[in-house]
Structure formats: structure tokens, C-alpha cells
Amino acid sequence: NSGGSRDVPLKEGATTDIKIEVTSEDGHVKNYFVHARRLSAKDAVLTKLSVQNGTLEPEFNPGQEMYFCLLPSNTVTAVVTAVAPDPKNDVSINGNPPNLPISLNLGLTVANIEVTSADQSNKKAYKLDLVRKQIPRYVKFTNPKSAIEYECPISLSPLYCPITIKNSNPKCTYSGPSIIELTRTSKVDPLTGQPLQPGWDVCDLDLEKKMAAEMVVIPLTYS
């Protein structure tokens, strides 16, 4: 018999392994396996997550909830594609529909992705950190006050991916790469000498947004 059919019951929300056995005329047997998953109205997961012109780290896996993507410094917007298995699933990115351009900060921009099940009973959150590479030239704020406010006390250059010491008073903020390198072996504030408590490093997204709204110039030098 060169064909056959059989009804296989599928459990909602589960994957059923289906074995297909084929026997040739000379008695050789070959097995094929089909892994069939029946969607559940309670499912709230993504089946695809990608960034236009970017690479996710780690590679996408429906069970992995946190991702990182490094983008060129001249990138001003990012388009994130997030797809759920069921068209009835609601998917939003920072409260907006997927595939809309996301305006990027100078360093870190967070894309919060939420998936809601078809029956509205479950939600799942994914977090994607979009990071622009640091501009490889000296950048200067046109407002002298902003230049002082947004200067890293370690590098003496504009803050990049700013990290604020949690509960610091007065507020202590540094460029992310600088403070991470300095605290790799010694967990103390490099300026105050105070010990850093667990969870001390706060990505200052509010500061990122303020900096993104400022006017800057790249001074040109001639020799």
C-alpha cells in the first residue's frame, strides 16, 4: 500500500509525537517523525523575534525572555518584529503594535514586548535591550549646562549607556562601560569609595531620554 491515513488526537496546548513507518517492497523499514502541536487559547509566547539589520543575543528561543542587540552608531530607529503563533494573540512593543520604528536613545533603548493569550487569560513579557555603538568621534553638547550635567566623571566625555549608583546622594552617574570596568574586581564607588550593594547598578533610561533630546555637534579639526 503506497499510502494511508489515520486520525491522531491532539491534546490542546501540547506537542504530540507522530511516528510514520514506511516499509519498502524488499522489506526495508524507514521511520519518519512529525511533532504536531495544537495551539491553546491560553498560550502566550512568541514564535519569532528579530531586529531589522541587527542580530539577537542569544538566538531567539520562545522560553528565553531577555535579549540584547548591538546596532551601528548611526542608527536612529529600529524595527522590531515580534510574531505569536496564533493571529488572535495580542502583541505589543512598548505599548504599540510591532513593526513600528522605535526611536533610539544615544546608548540604551529598551523594547518591552508583551504577548497576551487568545482568551486574554495569560500574558508573557520579553525584554530587548537595543544598544547603539558609541560614536567614534568626540561629541559636544551645544548647551554648556548640559555638557556639564551629562559628563562622565571618569572619562570626562558625554555619558554613554549611563549607570546610576542606586540610592546615591548626591546622585552618582557614570558611563556604563567605564563603571563596569572599574568595578569588575572592586565593588566600590570610584569617586566616593563607598561599598556597592547588590543591585547597585541602575540603567538610567530617564537620563538616556533627556540626552537624546539635546543638540550635539561633532567638532572638526584640521591639520
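Side notes on the structure shown:
- The strands (runs of 3 or more DSSP E) located wholly in segment 1-76 that include 2 or more residues which are at pLDDT 90 or above and among the aromatic types (Phe, Trp, Tyr) occupy 29-37, 66-71.
- Yes/no for Pro87 being modelled with pLDDT under 95, under 19 Å from Val115 (Cα atoms) and under 14 Å from the mean Cα position of the chain (by Cα): no
- Yes/no for Thr116 being at pLDDT 95 or above, out of contact with any Gly (no Cβ under 9 Å at 6 or more places or on another chain) and more than 30 Å from Leu49 (Cα to Cα): no
- Residues being within 40 Å of the chain's Cα centre (by Cα) and either under 18 Å from Asn89 (Cβ atoms) or loosely packed, with under 11 Cβ neighbours inside 10 Å (or both) - total across segment 16-30: 2
- Helices (runs of 4 or more DSSP H) contained entirely in segment 143-223, each with at least 3 residues that are without any contact (Cβ under 8 Å) to a residue 40 or more places away in the chain and either surrounded by fewer than 18 Cβ atoms within 10 Å (Cβ to Cβ) or in contact with a strand residue (DSSP E or B) (Cβ under 8 Å, 6 or more places away or on another chain) (or both): 144-149, 176-182
- Taken over segment 31-44, the criterion of being out of contact with any Ser or Thr (no Cβ under 9 Å at 6 or more places or on another chain) and surrounded by 10 or more Cβ atoms within 10 Å (Cβ to Cβ) is satisfied by Leu39 alone.
- Residue check, Asn105 free of Cβ contacts under 8 Å to residues at least 60 places away in the same chain and not assigned by TED's automatic domain parsing to the domain that holds Glu208: no
- Test: Tyr138 is over 26 Å from the mean Cα position of the chain (by Cα) and outside any strand (DSSP E or B): yes
- Subset of segment 108-128 that is crowded, with 17+ Cβ neighbours inside 10 Å and either within 13 Å of the chain's Cα centre (by Cα) or without any contact (Cβ under 8 Å) to a residue 60 or more places away in the chain (or both) - its residue that is farthest from Lys42 (Cα to Cα): Leu108
- Pairs linking a residue in segment 60-80 that is not assigned by TED's automatic domain parsing to the domain that holds Gly107 to a residue that is outside any strand (DSSP E or B) and surrounded by 14 or more Cβ atoms within 10 Å (Cβ to Cβ), with Cβ atoms under 6 Å and 6 or more positions apart or on different chains, do not occur.
The values are calculated or read from the model by the stated rules, or taken from the named source; none is laboratory data. The shown structure was predicted, so the numbers you read here are calculated from the model rather than taken from an experiment. Neighbour counts are summed over all protein chains in view; Cβ atoms, including those assigned to glycine, are modelled from backbone coordinates with ideal geometry.
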